[in-house]
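The values are calculated or read from the model by the stated rules, or taken from the named source; none is laboratory data. The model shown is predicted, which means the values in this text are computed figures rather than measured ones. Ideal geometry is used to build each Cβ from the backbone, glycine not excepted, and the neighbour counts take in all protein chains shown.
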């Protein structure tokens, strides 16, 4: 079990409703997101991650720009993506953008690399989904070389090669903290271990405990590849309010709309209230409730999976900005302290 824990928040910049129930503009959402990041820093959270999407229901397509705006108004919180879709980007430019963020923030930048759960970026940037695996595999290989910050020599099929190429800026620490986001594929877990990178598990459905075999596989693969021990993080959705009932009633209508919208695209049946309640229960992947309820559930998951980081995806569909701010504040001022108490007593 991890002896210490980092507690962060994640958002995809969901287009939220205003006080009148109508959707905000994407510009309004972006400005609110900066306020949310500033609050997360103020209440002592360790990390804020902002996801990359290219669709109407999410406002963020350039996380680094938003993170830079947050960096200029914060002092200690680490800033990263959740995730950067490396498959449809250029690894050199991804490295340069986050290295720049690292310099601006005084060493607080991180990047979480992934393939993404949506595919809009592929046709947008002229890439074929037929090369889905190949694009990520080769680009991750290159990115691992880039974060070593030495001359890079690399050849592949998805972009032009590099020969003893220096890439700037360099970070003050000599590297860039880089995670790989994984949704539950054993092949992805092993690939992350082969590169010796930290593992971020996206647990958005089912029981978190079912991911224990993936964590075990990851540690075994690290050892087999001769890589040092690396941290395991967890990304899961949730919402915090003063009471369990309040949290669930606030979240349910907005979460349901989001699930129905995505479900129509993917052929899922509409989510029922019973399914929502089950996912919000002790064995589900939704961390919804009072500070005590959420803290108990986070601590139990961290212990079960031996994680050293938990990021709460606090934005959920059209859930309004005021509720997001309240959730962040309760997470930082009440949940974080209680999680650490629970972990300390469990040693």
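Using the structure shown, decide if residue 37 is touching a strand residue (DSSP E or B) at 6+ places or on another chain (Cβ under 6 Å), in a strand (DSSP E or B) and closer than 29 Å to residue 339 by Cα.
Numbers: touching a strand residue (DSSP E or B) at 6+ places or on another chain (Cβ under 6 Å): yes; in a strand (DSSP E or B): no; closer than 29 Å to residue 339 by Cα: yes.
When the stated conditions are applied, residue 37 does not pass them.
Does any residue of the stretch 219-240 turn out to be within 28 Å of residue 21 (Cβ to Cβ), touching a helix residue (DSSP H, G or I) at 6+ places or on another chain (Cβ under 8 Å) and at pLDDT below 95?
Checked against the condition, which is being within 28 Å of residue 21 (Cβ to Cβ), touching a helix residue (DSSP H, G or I) at 6+ places or on another chain (Cβ under 8 Å) and at pLDDT below 95, the stretch 219-240 yields no hits at all.
Within the stretch 32-39, is even one residue farther than 25 Å from residue 240 by Cβ and within 18 Å of the chain's Cα centre (by Cα)?
Residues of the stretch 32-39 that are farther than 25 Å from residue 240 by Cβ, as a first pass: none.
Within the stretch 32-39, not a single residue is farther than 25 Å from residue 240 by Cβ and within 18 Å of the chain's Cα centre (by Cα).
I'm checking my understanding of the structure. Among residues of the stretch 97-108 that are assigned to a loop (DSSP other than H, G, I, E, B) and touching a helix residue (DSSP H, G or I) at 6+ places or on another chain (Cβ under 9 Å), which one is surrounded by the fewest Cβ atoms within 10 Å (Cβ to Cβ)?
First, pick out the residues of the stretch 97-108 that are assigned to a loop (DSSP other than H, G, I, E, B): 106-108.
From what is left, the residues that are touching a helix residue (DSSP H, G or I) at 6+ places or on another chain (Cβ under 9 Å) are 106, 108.
Details: 106: 11, 108: 21.
If we take residues in the stretch 97-108 being assigned to a loop (DSSP other than H, G, I, E, B) and touching a helix residue (DSSP H, G or I) at 6+ places or on another chain (Cβ under 9 Å), then 106 is surrounded by the fewest Cβ atoms within 10 Å (Cβ to Cβ).
Of these, 121, 81, 88, which one is surrounded by fewer than 22 Cβ atoms within 10 Å (Cβ to Cβ), on the phi < 0 side of the Ramachandran plot and either at pLDDT 95 or above or touching a strand residue (DSSP E or B) at 6+ places or on another chain (Cβ under 8 Å) (or both)? Write out each step before concluding.
Details: 81 fails: surrounded by fewer than 22 Cβ atoms within 10 Å (Cβ to Cβ); 88 fails: surrounded by fewer than 22 Cβ atoms within 10 Å (Cβ to Cβ).
Being surrounded by fewer than 22 Cβ atoms within 10 Å (Cβ to Cβ), on the phi < 0 side of the Ramachandran plot and either at pLDDT 95 or above or touching a strand residue (DSSP E or B) at 6+ places or on another chain (Cβ under 8 Å) (or both) holds for just one of 121, 81, 88, which is 121.
Just to be sure, is residue 151 more than 18 Å from residue 47 (Cα to Cα) and in contact with a helix residue (DSSP H, G or I) (Cβ under 7 Å, 6 or more places away or on another chain)? Quick ask: steps written out before the conclusion?
Numbers: more than 18 Å from residue 47 (Cα to Cα): yes; in contact with a helix residue (DSSP H, G or I) (Cβ under 7 Å, 6 or more places away or on another chain): no.
The answer is no for residue 151.
Pick out the one residue from 144, 111, 94 that is assigned to a helix (DSSP H, G or I) and either under 20 Å from residue 65 (Cα atoms) or modelled with pLDDT under 95 (or both). Before the answer, list the steps.
Details: 144 fails: either under 20 Å from residue 65 (Cα atoms) or modelled with pLDDT under 95 (or both); 111 fails: assigned to a helix (DSSP H, G or I).
Sole residue among the options that is assigned to a helix (DSSP H, G or I) and either under 20 Å from residue 65 (Cα atoms) or modelled with pLDDT under 95 (or both): 94.
I'd like to check something: does the stretch 13-21 contain any residue that is part of a loop (DSSP other than H, G, I, E, B), under 30 Å from residue 128 (Cα atoms) and in contact (Cβ under 8 Å) with a residue 40 or more places away in the chain?
To start, the set of residues in the stretch 13-21 that are part of a loop (DSSP other than H, G, I, E, B) comprises 13, 15-16, 18-21.
Remaining after also requiring under 30 Å from residue 128 (Cα atoms): 13, 15.
Now drop any that are not in contact (Cβ under 8 Å) with a residue 40 or more places away in the chain, which leaves 13, 15.
For the stretch 13-21, residues part of a loop (DSSP other than H, G, I, E, B), under 30 Å from residue 128 (Cα atoms) and in contact (Cβ under 8 Å) with a residue 40 or more places away in the chain: present.
Looking at the stretch 109-118, is at least one residue free of Cβ contacts under 8 Å to residues at least 60 places away in the same chain and surrounded by fewer than 19 Cβ atoms within 10 Å (Cβ to Cβ)?
No, that holds for no residue.
Which of (1) farther than 21 Å from residue 193 by Cβ; (2) surrounded by fewer than 17 Cβ atoms within 10 Å (Cβ to Cβ) does residue 127 not meet, given it meets every other one?
Among (1) farther than 21 Å from residue 193 by Cβ; (2) surrounded by fewer than 17 Cβ atoms within 10 Å (Cβ to Cβ), residue 127 violates only (2).
State all residues of the stretch 40-84 that are under 15 Å from the mean Cα position of the chain (by Cα), farther than 26 Å from residue 339 by Cα and not in a helix (DSSP H, G or I); if no residue qualifies, say none.
Once the filter is applied, which keeps residues that are under 15 Å from the mean Cα position of the chain (by Cα), farther than 26 Å from residue 339 by Cα and not in a helix (DSSP H, G or I), the stretch 40-84 yields 52, 53, 58, 60, 61, 62, 84.
Exactly one of these conditions fails for residue 126: (1) more than 30 Å from residue 44 (Cα to Cα); (2) assigned to a helix (DSSP H, G or I); (3) over 20 Å from the mean Cα position of the chain (by Cα). Give me its number.
Going through (1) more than 30 Å from residue 44 (Cα to Cα); (2) assigned to a helix (DSSP H, G or I); (3) over 20 Å from the mean Cα position of the chain (by Cα) one by one, residue 126 breaks only (2).
Can you name every residue in the stretch 3-32 that is surrounded by 17 or more Cβ atoms within 10 Å (Cβ to Cβ), within 30 Å of residue 341 (Cβ to Cβ) and in contact with a helix residue (DSSP H, G or I) (Cβ under 9 Å, 6 or more places away or on another chain)?
5, 7, 8, 9, 11
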